[in-house]
Amino acid sequence: MKLQQLRYIWEVAHHDLNVSATAESLFTSQPGISKQIRLLENELGLPVFARNGKQLTEITPAGELIIKLAGEILGKVENIKRIAEEYVDENSGSLAIATTHTQARYALPSVVKTFMARYPKVTLTMHQGTPVQISDQAARGVTDIAIATEALELFDNLVMLPCYRWSHCILVPRGHPLTRREGSLSLQDVAGHPLITYVFGFTGRSKLDEAFDRSHLKPNVALTAVDADVIKTYVRLGLGIGIVAKLAYDPEYDQDLVALDAGHLFGDSITKIGLRRDMFIRRFIYDFIELFAPHLTRDVVEQAMKLRDKHEIDGLFDGVELPHY
């Protein structure tokens, strides 16, 4: 049994049993992967994958258990490498972050700039995707850190640490009728216009849907996107009013748009960092986390990583005033 074989069955299982896609992601050949999986199955005396001809169709019951253990073994191998790297040179290495466009574009730039100046020998890679993709990448060890607002709770092997609160705003062109309305906006005001906002599962979109449902209003969602800058583009074209994270509004670059507060309509959302429970965290990763969320010191993170229950982890932050954006 070889580590390479365990890597192959783990990766195939997480590429929807698509051996070609797995080979492409690992920069190797499809026949080579298939051969190694067969050799492993022959050694074990049972199939890890069921087949229809040459096509993999599903993971066998035994295969489910084997692949789970393979993932744990591969994770421990990565930890051994990280420990060695930490003791050889604690200021060099790599950091992979999975996050959404909003975080990458608006929340992280100053943190990344400071981090790169402090650790010039650390290679930083940023993966963008949906919250589910981001969380899955961190849970599988593809990335070290996941930063998102939604979906992190779907993965049991992630420890979720709260970073900051944020609220939504309504974006309209200057001179729009909503800018002349006195007092706070109501959901009825918002529902009376075509809406341009995030696709479901992105950047607090669930908060929007819940608010309209509670008020028994049906919003006219004209267009959805994963990118706040795309939403702004279509607001500028007059196709509707935008609903975005307030931190995605830049007064300097968005001078042609007006941001109207919507925190009272949709409530606050909390952006969190997700870390695998079993990962060895290098010193520069602790520093990155604290740069992004100053209350998440190394001591606090280490305490959280020792806890198994989500409610216990949440209890660590009772009384902690999170920054609000």
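List of remarks:
- The single condition from (1) closer than 30 Å to ILE134 by Cα; (2) among the hydrophobic types (A, V, I, L, M, F, W, C); (3) open to solvent by 50 Å² or more (accessible area, probe 1.4 Å) that LEU237 fails is (1).
- Any pair with Cβ under 7 angstrom, 6 or more apart, that starts in segment 79-97 at a residue that is within 11 Å of VAL122 (Cα to Cα) and open to solvent by less than 60 Å² (accessible area, probe 1.4 Å) and ends at one that is at pLDDT 90 or above and acidic (Asp, Glu): LEU95/ASP144; ALA96/ASP144
- If you go through segment 252-266 and keep only what is assigned to a loop (DSSP other than H, G, I, E, B), over 18 Å from GLY240 (Cα atoms) and under 27 Å from the mean Cα position of the chain (by Cα), you end up with just TYR253.
- Of the residues making up segment 293-325, those that are closer than 28 Å to VAL77 by Cα, within 19 Å of the chain's Cα centre (by Cα) and open to solvent by 10 Å² or more (accessible area, probe 1.4 Å) are MET305, LYS310.
- Tabulated pairs, segment 5-21, first of a type in the set (Gly, Ala, Ser) and at pLDDT below 95, second in a helix (DSSP H, G or I) and open to solvent by less than 20 Å² (accessible area, probe 1.4 Å), C-beta under 7 angstrom, 6+ apart or interchain: ALA13/ILE67
- Flag if LEU17 is in a loop (DSSP other than H, G, I, E, B) and on the phi > 0 side of the Ramachandran plot: yes
- Total residues in segment 31-63, condition in contact with a helix residue (DSSP H, G or I) (Cβ under 9 Å, 6 or more places away or on another chain), closer than 14 Å to ARG7 by Cα and surrounded by fewer than 16 Cβ atoms within 10 Å (Cβ to Cβ): 2
- Take the conditions (1) touching a Pro at 6+ places or on another chain (Cβ under 9 Å); (2) at pLDDT below 95; (3) among the β-branched types (Val, Ile, Thr); (4) over 30 Å from PRO294 (Cβ atoms); THR203 misses just one of them, which is (4).
- Cβ pairs under 9 Å, 6+ apart, first in segment 168-186 and open to solvent by 70 Å² or more (accessible area, probe 1.4 Å), second not hydrophobic (A, V, I, L, M, F, W, C): ARG174/GLN255; ARG174/ASP256; PRO177/HIS193; ARG181/ASP189; SER184/ASP261; SER184/HIS264
- Residues located in segment 107-156, provided they are over 22 Å from PHE284 (Cα atoms) and open to solvent by 20 Å² or more (accessible area, probe 1.4 Å): THR130, VAL132, GLN133, ASP136, THR149, GLU150, GLU153, LEU154, PHE155, ASP156
- If you go through segment 214-232 and keep only what is of a type outside the set (A, V, I, L, M, F, W, C), farther than 16 Å from ILE170 by Cβ and either without any contact (Cβ under 8 Å) to a residue 12 or more places away in the chain or open to solvent by less than 40 Å² (accessible area, probe 1.4 Å) (or both), you end up with ARG214, HIS216, ASP227.
The values are calculated or read from the model by the stated rules, or taken from the named source; none is laboratory data. Keep in mind the model is a prediction, meaning the values are calculated, not measured. Because the Cβ atoms are built from the backbone with ideal geometry, glycine has one as well, and the counts that use them run over all protein chains shown. Ligands, DNA and RNA are excluded from the accessible area calculation, which covers all protein heavy atoms including side chains. Shrake-Rupley method; radii C 1.70, N 1.55, O 1.52, S 1.80 Å.
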